[in-house]
Each structure stands twice: as structure tokens, then as C-alpha cells.
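Read-outs throughout are calculated quantities, based only on the coordinates presented, and are distinct from any laboratory measurement. Since the structure is predicted, the reported quantities are computational estimates derived from the model, not experimental observations. Using ideal geometry, Cβ is built from the backbone for each residue, glycine included, and neighbour counts are taken over all protein chains shown.
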Ligand SMILES: Cc1cc2nc3c(=O)[nH]c(=O)nc-3n(C[C@H](O)[C@H](O)[C@H](O)COP(=O)(O)O)c2cc1C
């Protein structure tokens, strides 16, 4: 029988046990998706505590996505060093880390304001933009040394 504290594989990743920290939104990132010291402390504690792998809280692929306050974000290359610092400290405990990529909701720009838009109301161009945002965020996650991404496909309604 498989044992919880037995080494296991998740795709190409080796996990020291079968415990995975499920994605959990902390709501503490800065409005642009930057990470405060508290975020590093939370993830360091999770990895030091012995998780086999860690999945981040949902990390928006867009800047103007205010569905959940304090979401982490991967919409800009300038944020990569902050996320690299996060993966480095988790990896230091021998723990893989997966970025959960999300779009809480799509916000369309109207007269300088961003207004939440129903999915049914989105144009093909907007849908293609969102697909592109997920791809770009996944590339950034790889550059920041995440071991994988998890696509969060929920919420997004009034
Ligand atoms: C405060 C809080 C934040 C959460 N944030 C996320 C999230 O960012 N992404 C996600 O997919 N699930 C999120 N979840 C769901 C959890 O990952 C988990 O699936 C859920 O709590 C069920 O697991 P449990 O039965 O062990 O509590 C969140 C749950 C809670 C309570």
C-alpha cells in the first residue's frame, strides 16, 4: 500500500512525500502583484514544514483583474525577480513549487476605468488576449523557476 510519507512522482517531479499544499489565496500581494515579506515567510514555513509540493494561491495573468484583492500576478516581466526569490526559498527545502495561474474575471477598459465583463459578452479578440496572457504568464513562471503551472478555471461571474 502507498504511504503518505513515501517519496512519489508528479510527472517529472520528485516529491519527498504525498502531501501537496493546495492553492490558497493569501490576499496579501500588492496591487501590482508584488510580494511582501509576509508572503515569503508563509511559503518558507510551508516548505520548511515538510510539504511534498506547494501550489501557490491563484496568480492572475492580468493587471486589471481585481476579482480577489491581493492576488499575486504574473503579467509583467518586471515581477519575475520577486517570484524567483519565492521559488528559490521553497526549492532550498527540496520542495517543488507550482504556480496556479488564474483570471479572476475579465475587466474591459471603458473611459479609463476597468469594468468586469461577463464571459458571454467577450469578443473573440478579448478571448485571444486572455489565452495570450495565460501563455505569457506561464513563460514568466518558467523564468522564475516554477516547476509547473496549474490552470485555475473557476469563478469569473457576477
Ligand atoms: C482561504 C482559501 C483560499 C483559497 N484559495 C484558493 C486558490 O487560490 N485557488 C484554488 O484553486 N483554490 C483555493 N481554495 C480552495 C482550496 O485550495 C481547497 O481546494 C479547498 O479548501 C478544499 O480543500 P479542503 O477540503 O482540504 O479544505 C481556497 C480555499 C480557502 C479556504
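Beta bridges per DSSP, both residues in the chain: antiparallel share near 40 percent. Placing a label point 7 Å from the Cα of residue 88 along the Cα-to-Cβ direction, the residues of region 30-74 with a backbone N closer than 17 Å are 35-45.
Looking at the square roots a ≥ b ≥ c of the eigenvalues of the Cα gyration tensor of region 7-49, which shape do they give, rounded for a/c under 1.5, prolate if a/b is larger than b/c, or oblate? It is prolate, given that a/c is not under 1.5 and a/b is the larger ratio. If you look at the Cα atoms of region 115-158, you get an Rg and a Dmax of 12.8, 36 Å. Note on residue 4 and residue 45: the model spin-label points, each 7 Å out from Cα along the C-beta direction, lie 2.0 nm apart.
Computed from the Cβ-Cβ distance with R0 of 30 Å, the FRET efficiency linking residue 128 to residue 154 stands at 0.90.
Taken over the chain, the alpha-carbon convex hull comes to 124 cubic angstrom per residue.
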